[in-house]
Amino acid sequence: MDTSAGLPRHRAIVAVDIEGSTTRTNPARAQLRTVLFELLDEAFLAGGITKKYRDGFVDRGDGALCLVRPVDQAPKPVLLATVVPALTELLEKHAESRPALAFRLRVAVHAGEVHYDGRGPYGEDIDIACRFVDAPELRRQLRITAAPLVLVVSQEVHRSVVRHGYPGIDHSAYLRTVPIRVGTQRLRGWIHTPEAGRRQEDMTA
């Protein structure tokens, strides 16, 4: 008997959402979706997180969910130190080569328990990641920055990864908190933009 049936699986959760996709025509949205999934795959590969270490990307219409399995080859610090910076660089290069199809992203990184059924992943931690990526404060931060993406990490990721300052992660560049509500819970995350990281580098140079 499979005693694990119906039980959750732990995953690192990366949620991404395209800024202003509703202002695009449907043909343009189709092109953006194709590019988004290509860039996500390339960014994860830059961190050595191949398809065998993650679930298939989950389509969110104007975004995606990326679920990474808890294996030694895909530690959570790699998401922040390598995958997100690679995605930032890929977005910049894409905007330079195809300015008519340039787009920016809101990105949320969380980790927790995920359930699965025939329709895909679900559960409270999926809801938390999606609330963070849709948070008004994250939307506002993207509007006021020139960066190709803004990143928010959940309290769990901040506590277990960011605050320890692992190589490639500057904890002081995670500056502003993002409040969300999931059911009766009040949660918060921390925002990082590439510009914040560069400012910290300039101050210590």
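Taking residue 18 as the residue in question, decide whether it is more than 17 Å from residue 114 (Cα to Cα) and not charged (D, E, K, R). Spelling it out, residue 18 is indeed more than 17 Å from residue 114 (Cα to Cα) and not charged (D, E, K, R).
Rundown of residues vs (1) surrounded by 16 or more Cβ atoms within 10 Å (Cβ to Cβ); (2) over 27 Å from residue 56 (Cβ atoms), yes/no style:
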site: 102; (1), (2): no, no
site: 107; (1), (2): yes, no
site: 115; (1), (2): no, no
site: 121; (1), (2): yes, no
site: 137; (1), (2): yes, yes
site: 149; (1), (2): yes, no
site: 161; (1), (2): yes, no
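Condition (residue is out of contact with any Gly (no Cβ under 9 Å at 6 or more places or on another chain) and surrounded by 20 or more Cβ atoms within 10 Å (Cβ to Cβ)) applied to the range 32-39: is it met by at least one residue? Within the range 32-39 (the criterion being out of contact with any Gly (no Cβ under 9 Å at 6 or more places or on another chain) and surrounded by 20 or more Cβ atoms within 10 Å (Cβ to Cβ)), the answer is yes, since at least one residue qualifies. Could you check the range 74-104 and list, in sequence order, the residues that are closer than 16 Å to residue 18 by Cα and touching a strand residue (DSSP E or B) at 6+ places or on another chain (Cβ under 8 Å)? If the condition is that a residue be closer than 16 Å to residue 18 by Cα and touching a strand residue (DSSP E or B) at 6+ places or on another chain (Cβ under 8 Å), then 84, 87, 88, 91, 103, 104 are the ones that fit.
For residue 64, the conditions (1) part of a strand (DSSP E or B); (2) over 15 Å from the mean Cα position of the chain (by Cα); (3) over 21 Å from residue 158 (Cβ atoms) all hold with the exception of (2).
Just wondering, is there one or more residues in the range 97-104 that are closer than 21 Å to residue 155 by Cβ and at pLDDT below 95? No, there is no match, as no residue in the range 97-104 is closer than 21 Å to residue 155 by Cβ and at pLDDT below 95. Among the conditions (1) surrounded by 15 or more Cβ atoms within 10 Å (Cβ to Cβ); (2) touching an Asp or Glu at 6+ places or on another chain (Cβ under 9 Å); (3) closer than 14 Å to residue 13 by Cα, residue 62 misses just one, which is (3). In the range 72-88 there is at least one residue that is of a type outside the set (S, T, N, Q), farther than 24 Å from residue 137 by Cα, surrounded by fewer than 16 Cβ atoms within 10 Å (Cβ to Cβ) and modelled with pLDDT under 95.
For the range 168-180, residues that are under 23 Å from residue 128 (Cβ atoms) and either at pLDDT 85 or above or not charged (D, E, K, R) (or both) total 9. Could you tell me whether any residue of the range 21-30 is assigned to a loop (DSSP other than H, G, I, E, B) and either under 14 Å from the mean Cα position of the chain (by Cα) or not β-branched (Val, Ile, Thr) (or both)? Scanning the range 21-30, I find at least one residue that is assigned to a loop (DSSP other than H, G, I, E, B) and either under 14 Å from the mean Cα position of the chain (by Cα) or not β-branched (Val, Ile, Thr) (or both), so the answer is yes.
Restricting attention to the range 40-50, which residues are closer than 15 Å to residue 12 by Cβ, of a type outside the set (Gly, Ala, Ser) and surrounded by fewer than 18 Cβ atoms within 10 Å (Cβ to Cβ)?
50
None of 183, 165, 197 is surrounded by 14 or more Cβ atoms within 10 Å (Cβ to Cβ), modelled with pLDDT under 95 and not aliphatic (A, V, I, L, M) except 197.
The values are calculated or read from the model by the stated rules, or taken from the named source; none is laboratory data. Keep in mind that this is a model prediction, so the values were computed, not measured. No Cβ is skipped: glycine too gets one built from the backbone with ideal geometry, and neighbour counts run over all protein chains shown.
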